[in-house]
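To keep things clear, I will list the structure first and then write my remarks on it.
Bear in mind these aren't lab numbers, they're just calculated from the coordinates by the rules spelled out. In this text the structure is predicted, and so the values were computed from the model without any measurement. Cβ sites come from the backbone with ideal geometry, for glycine too, and all protein chains shown count toward neighbours.
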Amino acid sequence: MSSLSVSASGAAADAIGRHVPSLVGDSVASRLFARDATLWGPDAESESRIRLSWVGLPRSSRPLVGEIAALRDSFAEQGLTHVVLCGMGGSSLAPEVICATAGKPLVVLDSSDPDYVRRALGDDLEHTVVVVSSKSGSTVETDSQRRAYEQAFTDAGIDPASRIVIVTDPGSPLDEESRAKGYRVVNADPDVGGRYSALTAFGLVPSGLAGVDVEALLDEAESVADLLAADDDANPGLRLGAAMGGTDPLRDKLVLVDDGSGIIGFADWAEQLIAESTGKNGTGVLPVVAGGDEDPEVAWPAADVTVARLVAADDEAIPADDVASEVRVGGALGAQLLLWEVATAVAGRLLGINPFDQPDVESAKKAARALLDQGTGASTDPAATDGAIEIRTLGGSGDWLGGAQTVPAALDALFAQLDPEHGYVAVMAYLDRLADADLAACRVPLARRTERPTTFGWGPRFLHSTGQFHKGGPAVGVYLQITTEPKEDLPIPGREFTFGDFIASQAGGDAAVLADHGRPVLQLHLTDHDAGLAQLREALLAGGRA
């Protein structure tokens, strides 16, 4: 039997006390689990009506357990034990957390970076099974990755249909095309959005093939379903949702820090769930993934920050009374997946937004496609070139770059645009997130330097996460975009563009939409990857509060 604990102090506790009684009085929990599409107002009703099946997944996903076990056994008999997942957003982040927590290896291919893709293709192809996850099959990243693996298998004399498993909605173009090719297809519940899909086939198929006990995961979720559906002041979903979206004034930065939860990478999954669900109509909650108590957002949280500690399942300690705003959340992984989905839906109600759409994710996709059609990535000449880095700016108000001719001066100019009380910094790195992983260490020095919450996202995966909040949330962010020339480009079979062209268009489209929303964007393009990266690290790691 799983359990959940949610305790709070300061402004978060005040929000729980203020909102939970009315949420109980309005029967929000029971109505949510009854799939009442009216909970988020008339504007959200049509979308909500086709997005609420996730509340019943702990039970409705049970038939998948046997299907996945049979597939896993079949592949194991053939010696196929290297599992690769091609997917984006919720389709990849949930299995990544599930497998990491269970200690099961899973390669997640959620990038358009040609060097990243090439490395995955060359890794133990002989023993590889590929899961291609896409609700419609129209996600260009996933389609491109599938094409690359089909070609790699064919070139190696392997029938792609014997190695590729498709997870998609029933009746989708990908469903029909894949069945015609003889591929194994597992259909997901079409009435669940991608970021709520952890307990659907999108989360369970790759995890189960990698060796995770997915039945136990469903058991953990099912054991708390009745608790989360109860109209009761103790309901942890109502409590967490109120702490997230009900502070007054709204503390719209939620700093996620693991404090012994035993769940690996959970904050990255929660980040995309919360940011993409709430960041719209000029409001929302921005998740900030922190590394520990020494991070500045945790050590000296600003007045617009709530710290969310992910603690061990049996840790029910109450935060200290002198903490300005903190919430502690404990529970097993399956239980927490359902808890945070409920809490996000509740926070959406309190914020007055539709937690199930993602309008600005779609706008960035369209902008990227337009650049691909034009055959362009970066659309302007650089304002300056400093060593191996080209400097460009978009958006904001006026010529905020001024006369800056160096990377350090350009960074100073960008950070000068920050709202000192409400702003945040977003670093968006369109690089190889494995080979260049240590660049993420710049997040903490930048948070110290600016004394504002700072996020770090790998492109293009963050486009399906914080990318929605960047454009649809409050206009208080400043954006640092990092791009590079690939060490070696990689063609996409059957396409006129390469992976290098594609990731450049994604970065360009993202920056263009941010600029259209008036957000200041500093683009730093590495003309020589290794030299530019070394130069960039030096600039980003300089300065900051001790």
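A few notes on this one:
- With the simple model of a label 7 Å out from the Cα in the direction of the Cβ, Ser3 to Ala180 spans 5.5 nm.
- Using only Cα coordinates, the Kirkwood hydrodynamic radius of the stretch 215-361 works out to 15.5 Å.
- As a ratio to 2.2 N^0.38 Å, the alpha-carbon radius of gyration for the stretch 147-190 is 1.19.
- Net charge over other residues, Cβ less than 13 angstrom from the Cβ of Ala161 (K, R count +1; D, E count -1): +2
- Of the two radii for the stretch 41-129, the radius of gyration is 1.08 times the Kirkwood radius, both from the alpha carbons; that is the Rg over Rh value.
- Normalised per residue, the volume of the convex hull around the Cα set of the stretch 61-217 (Å³): 101 Å³
- Going by neighbour counts of Cβ atoms within 10 Å, the residues Lys365, Lys487 line up, fewest first, as Lys487, Lys365.
- Stretching Glu362 away from Ser30 to a fully extended chain increases their span by 116.3 nm, per 0.36 nm per residue minus the current alpha-carbon distance.
- DSSP bridge pairs, the stretch 359-541: antiparallel proportion in percent, nearest 5: 35 percent
- Count of lysine pairs in the chain with Cα separation under 23 Å (8 or more residues apart, or interchain): 11
- Amide H contacts of Leu431 (H built 1.01 Å from N, under 5 Å, at least 5 apart or other chain): Gly459
- Taking the Cα atoms of the stretch 359-541, the ratio Rg/Rh between the radius of gyration and the Kirkwood radius comes to 0.94.
- Where only alpha carbons of the chain are counted, the Rg and the Dmax (Å): 22.5, 65
- Note on Gln151 and His517: the extension gain reaches 127.8 nm, defined as 0.36 nm multiplied by sequence separation minus the Cα-Cα distance.
- With semi-axes defined as the square roots of five times the eigenvalues of the C-alpha gyration tensor, the equivalent ellipsoid of the stretch 88-176 measures 19, 18, 13 Å, largest first.
- Between Asp386 and Ile391, the built amide H atoms are under 5 Å apart, and every one of these is 5 or more places off in sequence or on another chain.
- Coordinate range along principal axes, alpha carbons of the stretch 187-239, Å, largest first: 39, 23, 14
- Using just its DSSP H runs of length 4 or more, each adding -39500 (n - 2.57), the chain gives a mean residue ellipticity at 222 nm of -13000 deg cm²/dmol after division by all residues.
- The stretch between Asp438 and Ile50, if pulled fully straight at 0.36 nm per residue, gains 135.6 nm over its current Cα-Cα span.
- The stretch 152-169 versus the stretch 54-131: alpha-carbon centroid distance in Å: 14 Å
- A simple spin-label model places pseudo-atoms 7 Å from Cα toward Cβ; at Arg537 and Thr406 they are separated by 2.0 nm.
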